[in-house]
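See structure below.
The values are calculated or read from the model by the stated rules, or taken from the named source; none is laboratory data. For clarity, every value in this text was computed on a predicted model and none was experimentally measured. Counting neighbours? That spans all protein chains shown, and the Cβs are built from the backbone with ideal geometry, glycine included. The protein model used for the area step is the full one, side chains on, heavy atoms only, and it has no ligands, DNA or RNA in it. Shrake-Rupley method; radii C 1.70, N 1.55, O 1.52, S 1.80 Å.
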Amino acid sequence: MRAEPAGPRTGWGSVAGVTSSEPRPTVPSGSRRAGRRRVPAPLAYLLGAVLLVTLTWAYVIPPWQAPDEDHHFAYVQTLGEGLGLPGDEDRPEQSTEQRLATSRSNAEQTAQVLITELEWSETAYRRWQRDDGALPPGARRDGGGVNPASTNPPLYYFVAWVPYQLARSGDVFARLYLGRAFSALFLLATVTFAWLLAGEVFGPRRPLQLATAAVTGLEPMMTFISGSLNPDSMLYAVWALALWLGVRLLRRGLTAGRGIAFFAAVGVGTLVKATTLVMLPGALLVLAVGVVRRRGEGRRGAVLSGVAALGALGVLAGGWLVATTALGRPALFQIGTTEDAVPPESPVRLLASYLWQFYLPKLPFQQEFTGFPPLPVYDFWIKQGWGAFGSLEVALPEPVYLLLAAVTATTLVAGVVALVRAGRAGHVDWAVPAFFAVVALGLLGGLHWTEYRLLVAVGGPFSQGRYLLPLVPLAGLAAAAALTLVPRRGRSAALAAGLGGLLAVQALSLAVVVGRFYA
Amino acid sequence: MRSRPELVLLLAVGLTLAAIAAGASIKTTTLAFTLGVSPDDQAVGLYGNRVACQQPIDVPVAFQTVAFAVAADDPSGPPLSVEVRSFPEGRRLGAGRLDDEYTYAVSRSVKVGSIPAGERVSVCFRALGDAGAPGAEEDEGARLQGGPSQAARSSAVFLNGRQRPDDLTLVFLREPRTLLSLVPEMLDRATLWRPGPSSGALLAVLLAIVAISSPLLLGRALGRVMELDDEPPGIPADARPTES
């Protein structure tokens, strides 16, 4: 892992400078173009491919057939119609307009149920058009009630307000699909930050940057979720940004600017989804390393920079906490209780048993948990992480999952081997992998803790593979690190095989989705 | 390969699509369309002069057979008549009869003749034989399965003309078709419930553009990065982090 030259670089220009090793055309001094850097051509090509694929997903997925999309649309519509944040217990969850569209298209019955199809009748569609056109203006403004997404922080929904207004004159599907297309743009940001992250980790080595960014942008669930109306699309972008800024801080040293930028990214993440709070231990580790590495006179300045960075986080995350308190809204996901709860006789034993059974086969004396598959790590993290479309009910053929599991395991192991080898050669700044490990364990720990609490409170599983997707840039780094083990003459073929494999899985995933919804 | 990475990636996508097409040319389906109702519960009991109709149903695809879920207390449930009528006129478009034995909630199918696409219909059921005679008891009859208000809200079960808050589990079938032969229909369906004017043909063109452009773009990216790759294997040498 090569350190970049330190220097006062800011903005996109420095971004391109860090990552671009292409020869650049000579620009006459004094020209207005002097100092401007172009987006690296390979990244531009990759972004083009990712955009095409993601927009295809956005179009092919039927309305409201992505996870919780009906709830997210209701949230956006509540904001878009000037009703403030959703969650009013005295109002219906969805507007009359949305309910008419979901009912007539049969979207509400199709979600999660494989034997159910959307309405295929052109006549029914025309009838909906007629009835939708006859709705009074208030039919868009009578939603705003409680729904599972209404406790989410509002940042993504405020952003999605823009396409909602742009498509205001269109019907409900125009607003939904433009919102999806808008969300797809976040994946371009995610891919760009993954490219930059790889540039910071490996130095300006284009094949490794391409591998990292391509895995991030072409993993099927990334394109599926980013092509739907879902705050996760923005979450992936913010996490990729935070990962890049965190590594940048570690590699280049702590300054007020770098610290504030990094912690502001984490703070913005908490305004997208409270899940981002699990990144805090990793962020604090980065800050601590940044302070410790400054010696002598610089230490005091580093401490002040750290305080400023924490202040940025406090303003953003704390602001939302204050706002929710003032509004009487829950700031975090709330867990209720039901009769299916599993009251733990020994919480520690139950937690240990749950974690064991998540990753390893159940032992004969262990308690069985209702609703869990035999090996959750495979079903949740691998299968759903690669491809569980619609509302999780659309799956790839089982042999494909087995192949993807093997590829995933091989990639991760090879990535670790490359890291260890580089470490033995003294090429690794260990603070960087430590940062990644703490962030990854933070997310896994947060998900398992939530699932454990739900297990105790209501029973049944909570985990879904898509919850791990913010870590996909790290999987991309692992793939890139694995690529470094390949001799140069075979590297081109290995990278081509990886990219071809990603495209093949994309094509298969789209075919499976088309077959499920339209055959 | 180094000079033509686009071709390699095009080949990867082409082979995948060919494999998908080969699979789709083997796999067949008889599904015309469905109301999408899970057979979770009894929707309506059929005995005596009771007639249960699910209506109205828009017919997007022609069908010849109606499949439904039915149960009975008697070891062999009573025969049933199935009629397809135009809605709201009530003109008989097709009919059939279930004589197979059934007990528990099972799926049964009845051929009703060819019902063309574009119709708006009722599908009506009535018990025959002793169970359909006046004065027959409930336990002699059949129970059509369905669920509460699961079909599109414009359709519901009507028992002797009175609406009930349930829907029947109905699946409409036709002669077996390969998935590959259904592609034009699938593309048309994929353009419904979308904004703006669109058609299956236009979608096919757009998908073809994506299928060709994506590997070409990635191939260009690959070609450019490999031109610049002159690094030896391994993660490159590190320098200590710099202070600024």
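Tabulated data
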quantity: Those trypsin sites (Lys or Arg not before Pro) in the stretch A:417-471 that DSSP places in a loop and that have at most 15 other beta carbons within 10 Å; calculated: none
quantity: Mean projected area (nm²) of the alpha-carbon convex hull when chain B is viewed from all directions; calculated: 23.5
quantity: Relative contact order, percent, the stretch A:157-294 [alpha-carbon distance under 8 Å, six or more residues apart]; calculated: 22
quantity: Accessible area of the protein assembly as shown divided out per residue, in Å², using a probe of 1.4 angstrom; calculated: 41
quantity: Rounded tilt (10° steps) of A:206-218 against the dominant C-alpha axis of chain A; calculated: 10
quantity: Efficiency of FRET from Cβ geometry, B:ASP40 and B:GLU101, R₀ 25 Å, rounded to 0.05; calculated: 0.60
quantity: J(HN,Hα) series, the stretch A:97-111, from Karplus relation 6.51 cos²θ - 1.76 cosθ + 1.60, nearest Hz, glycine and proline x; calculated: 4, 5, 5, 4, 5, 5, 6, 5, 7, 6, 5, 5, 8, 7, 4
quantity: Spacing of the two label points (7 Å from each Cα toward its C-beta) at A:LEU392 and B:ARG92, in nm; calculated: 4.9
quantity: Coarse-grained scattering of the stretch A:426-481 at q = 0.16, 0.19, 0.22, 0.24 Å⁻¹, given as base-10 log I(q)/I(0) from a Debye sum over alpha-carbon atoms; calculated: -0.60, -0.74, -0.88, -0.96
quantity: Cβ crowding within 10 Å averaged over residues, with B:9-17, B:198-206 ranked highest first; calculated: B:9-17, B:198-206
quantity: Contact order normalised by residue count of the stretch B:1-98, Cα under 8 Å, 6+ apart, percent; calculated: 15
quantity: Highest average packing first - B:129-138, B:186-195, Cβ atoms within 10 Å; calculated: B:186-195, B:129-138
quantity: Averaged over B:57-64, number of beta-carbon atoms from partner chains that fall within 10 Å; calculated: 3
quantity: Under DSSP loop assignment and at most 15 Cβ neighbours within 10 Å, longest chymotrypsin sites (Phe, Trp or Tyr not before Pro)-free interval of chain A; calculated: A:1-332
quantity: Size of the B/A contact, given as accessible area buried on both chains, probe 1.4 Å, in Å²; calculated: 6800
quantity: Number of partner chain Cβ atoms within 10 Å, mean per residue of A:41-51; calculated: 6
quantity: Solvent-accessible area, 1.4 Å probe, carbon plus sulfur percent, for chain B; calculated: 55
quantity: At 1.306 mPa s and 10 °C, Stokes diffusion of chain A via Kirkwood alpha-carbon radius, µm² per second; calculated: 65
quantity: Shielded residues, the stretch B:8-25 - accessible-area loss of 40 Å² or more between chain alone and all protein chains, probe 1.4 Å; calculated: B:LEU9, B:THR16, B:ILE20
quantity: Between 0 and 90°, nearest 10: helix A:41-60 axis offset from chain A longest Cα axis; calculated: 10
quantity: Qualifying trypsin sites (Lys or Arg not before Pro) for the stretch A:164-202 [loop in DSSP, other Cβ within 10 Å: at most 13]; calculated: A:ARG168
quantity: Rounded tilt (10° steps) of B:5-26 against the dominant C-alpha axis of chain B; calculated: 20
quantity: Peptide-level mean, for A:419-427, of C-beta atoms on other protein chains within 10 Å; calculated: 3
quantity: Longest DSSP-loop-exposure-free segment, GluC sites (Glu not before Pro), chain A, at most 10 other Cβ within 10 Å; calculated: A:90-296
quantity: Spatially proximal lysines relative to B:LYS111 (Cα-Cα < 29 Å; intrachain offsets below 8 disregarded); calculated: B:LYS27
quantity: Cβ crowding within 10 Å averaged over residues, with A:204-214, B:66-76, A:266-276 ranked highest first; calculated: A:204-214, A:266-276, B:66-76
quantity: Accessible-area composition of chain A, carbon plus sulfur, in percent [1.4 Å probe]; calculated: 65
